[in-house]
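Below is one structure; the comments refer to it alone.
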Number of protein chains: 2
Amino acid sequence: MSTYTTTLTWTGGNTGTSSCAGKPDIAINPPTEFGGDAALWTPEDLLVSAVETCLMLTALSVLNRQKIAITSYRSTATGTMEKTPQGLRFTALSVAIEVRAAEADREKAEKAVHLAEKYCPVSNALNIPVQLTVTT
Amino acid sequence: MSTYTTTLTWTGGNTGTSSCAGKPDIAINPPTEFGGDAALWTPEDLLVSAVETCLMLTALSVLNRQKIAITSYRSTATGTMEKTPQGLRFTALSVAIEVRAAEADREKAEKAVHLAEKYCPVSNALNIPVQLTVTT
C-alpha cells in the first residue's frame, strides 16, 4: 500500500498554494471562466496533467520492462467539462501521444503505450473514459 | 463547455515536464517506491492535489455566493493506492479540511464546505469515494 499526501493553504481571494513535502509549491486558482488568472494552474489542469503524466510513466515502465528504447515521447491531453443537470462534470478526457523509436521498434512501442493505458492507476481512478491516440 | 489542455515532454530516464500554456512548468517523475526522486511531483500527487484544490475552490465559490466570510482554510489530502488483482489502483482518497470563520458563521461555513463536495467536478470525475472531514 502506498499513500500520497498533499496540503493546501488558502492565500486569500480565490487563490491557494498546493504543497507536497519536499517538492516545489504550485499556486492554484480557478479557470479564467470562473474568475481565475490564466497564469496559474487550476484543479482541472492538474487532473488532466495527472492522467497524462501517469500514462507516460506507466508507458515508460512497460517499455523498460520490454527493453524497447524510445527516442522521444510527447503528448497533449484535453479534458472537457460541461454543464449537466447534476452540475459541472468532466465528460471526456483525451490524450494524444507521439512516441518515436527506431524503425524496428515502432510497432512494439505503440503497443506498449496502449498497454500502459490498462495499467495506469490515475486513468483507472476516473469514471470517464480516457481516449488514447498514439502516433509513432 | 470548457476544455483544459496540458502537454507533456519526456526529458529522459523516468522524468518529464508537464506544461500548461502560460503557467509554470511542473517537473514530474514516479513515486520513490517506483524509482522516482522524492523532490519531484508524481502523477499520484497531482491527482490528490487536483481533488483537494477543486474542493477548496468550489467551497470558496459556495461561501462567496452565501456571503459567508472565512478567516482561514487549510486542508490535507491523502490518496491510497493498493495492489489489486487488476493491478495498482487508487482505493481511497480522504480530505481533512480546517476552515475558520467568525463564531456566528462557523456552522454555515462547515455546511458550505460539505455542499462543495457535491459540486466539485474533479471529485465527481473519480470512481473512488472522496472522504471529507471538516473542522471549524
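The values are calculated or read from the model by the stated rules, or taken from the named source; none is laboratory data. All figures in this text were calculated on a predicted structure; none of them were measured in a lab. Positions of Cβ are backbone-derived with ideal geometry, glycine not excepted, and every protein chain shown enters the neighbour counts. The protein model used for the area step is the full one, side chains on, heavy atoms only, and it has no ligands, DNA or RNA in it. Shrake-Rupley method; radii C 1.70, N 1.55, O 1.52, S 1.80 Å.
Taking all protein chains as shown and a probe of 1.4 angstrom, A:Trp41 keeps an accessible surface of around 0 Å². Heavy-atom accessible surface of segment B:47-136, averaged per residue, reaches 45 Å², computed with a 1.4 Å probe.
One chain, two ends: A:Lys108 and A:Thr84. Fully extended at 0.36 nm per residue, the span grows by 4.6 nm beyond their Cα-Cα distance. What separates the B:Lys118 label point from its copies, with the point 7 Å along Cα to Cβ, is 4.1 nm, written shortest first.
Taking all protein chains together, A:Glu44, B:Glu33 sort by accessible area into B:Glu33, A:Glu44, largest first [probe 1.4 Å]. Between identical copies, the spacing of A:Gln131 label points, each set 7 Å from Cα toward the C-beta atom, reads 3.6 nm from nearest to farthest. When the trypsin sites (Lys or Arg not before Pro) in segment B:1-94 are filtered for DSSP coil states and for at most 11 other beta-carbon atoms within 10 Å of their beta-carbon, the remaining sites are B:Lys67. Shown for B:Gln66: label points 7 Å from Cα along the beta-carbon vector, and their distances to the equivalent points in the other copies, 5.1 nm in ascending order. Note on the protein assembly as shown: with charges restricted to the Cβ of Lys and Arg (+1) and Asp and Glu (-1), its dipole about the Cα centre is near 320 debye. Is the C-alpha gyration tensor of the protein assembly as shown telling us rounded, prolate or oblate? Criteria: a/c under 1.5 is rounded; beyond that, a/b larger than b/c is prolate, otherwise oblate. Cα axes put the protein assembly as shown in the prolate bin. Rounded to the nearest 20, the Cβ-based charge dipole of segment A:14-136 about its Cα centre (Lys and Arg +1, Asp and Glu -1) stands at 460 debye. Note on B:Leu115 and A:Gln66: their simple-model spin labels are 5.1 nm apart, each label 7 Å out from Cα toward Cβ. Going from the chain on its own to the full set of protein chains, segment A:74-100 has these residues losing 50 Å² or more of accessible surface (heavy atoms, 1.4 Å probe, no ligands, DNA or RNA): A:Met81, A:Arg89.
Chains B and A together bury some 6000 Å² of accessible area, summed over both sides, with a 1.4 Å probe. For chain B, the carbon plus sulfur part of the accessible surface works out to 51%, probe radius 1.4 Å. Chain A comes nearest to the axis taking it onto chain B at the Cβ of one residue; that residue and its distance, in whole Å, are A:Asn127, 2.
Near B:Asn14, no amide H atom lies under 5 Å from its own; only residues 5 or more places off or on other chains count, and H is placed 1.01 Å from N. Remark: spin-label model distance A:Thr136-A:Thr11 equals 4.4 nm, labels positioned 7 Å along the Cα→Cβ axis. Using a Gaussian network model of chain B in which every pair of alpha carbons under 10 angstrom is joined by a spring, one finds that among B:Gly16, B:Gly36, B:Gly87 the greatest mean-square fluctuation is at B:Gly87. Amide H contacts for B:Ala92 (H built 1.01 Å from N in the peptide plane; partners 5 or more residues away or on another chain; cut-off under 5 Å): B:Thr80.
Look at the dipole of chain B built from charges on Cβ: of B:Asn64, B:Ser123, B:Pro30, the Cα furthest out on the positive end belongs to B:Asn64.
With each label modelled as a point 7 angstrom along the Cα→C-beta vector, the A:Glu98-A:Thr32 pair spans 2.4 nm.
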